[in-house]
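Enquirer: The structure under discussion is supplied below as structure tokens; questions concerning it will follow.
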Amino acid sequence: MAGSTEMASLEESFRKFAIYGDTKATGQEMNGKNWAKLCKDCKVTDGKSVTSTDVDIVFSKVKGKTARVINYEEFKKALEELAPKRFKDKSKEDAYEAICQLVAGKEPINVGVTKAKTVGAVERLTDTSKYTGSHKERFDESGKGKGKSGRENIVDTSGYVSAYKNAGTYDAKVKK
């Protein structure tokens, strides 16, 4: 059927999609959500001859009765099931090779990933150079926060009156 390098890249794609979105996944088994994502990202589903419903039905057909995941062998069977539907004009073997070429070497696409924006009010609120009054004292020249010393007045509990210039000189006077 297909060459060994193509099968290696097909298995690599299987592993990448199998671990997508799951930190505990080993890459040996793929769940239904990731199978549907693989079919969508690799353009196996076209909306006409192969729909998301077809993808779900094939997944249910190839997995075990009580299983929730498929392994690599079941994954290849699932591709064999979908191939004739996707490529109606080709023979079964040619359709399987064509569907393998669609999937081989692909990896999950991160579409719609939210990025943080700093515009408008957020930018003004996080720019420490625009702070005034007591809030200005909470940051050093570089804009880095001073922590607790910038938030509250540290009380001198040494026993001397505040702003007394000769603090710490009593012992020197007594010894004379």
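Enquirer: Leaving out ligands, DNA and RNA, and with a 1.4 Å probe, what % of the accessible surface on the range 2-103 is carbon or sulfur?
Expert: That share works out to 49 percent.
Enquirer: Please identify every one of the trypsin sites (Lys or Arg not before Pro) in the range 1-86 that sits in a loop by DSSP and has no more than 10 other beta carbons within 10 Å of its own beta carbon.
Expert: Qualifying residues, ordered by number: Lys24, Lys48, Lys65, Arg68.
Enquirer: Let me ask you something else. Below 14 angstrom from the Cβ of Asn34, what's the summed charge of the other residues (Lys, Arg +1; Asp, Glu -1)?
Expert: Result for the local shell: +3.
Enquirer: Same structure, new question: Determine the alpha carbon to alpha carbon distance for each of Lys33/Lys85; Lys61/Lys92; Lys24/Lys144; Lys33/Lys77; Lys24/Lys48 and list only those over 26 Å.
Expert: Beyond 26 Å between Cα atoms: Lys24/Lys144; Lys24/Lys48.
Enquirer: Which of the aspartates and glutamates could a cross-linker bridge to Lys65, judged by Cα under 19 Å and excluding same-chain residues fewer than eight apart?
Expert: Glu29, Asp54, Asp56, Glu73, Glu74, Glu81
The values are calculated or read from the model by the stated rules, or taken from the named source; none is laboratory data. Computed from a predicted structure; not experimentally measured. As a convention, Cβ positions derive from the backbone with ideal geometry for all residues, glycine included, and neighbour counts pool all protein chains shown. Quick note on the areas: whole protein, heavy atoms, side chains included, nothing else; ligands and nucleic acids left out. Shrake-Rupley method; radii C 1.70, N 1.55, O 1.52, S 1.80 Å.
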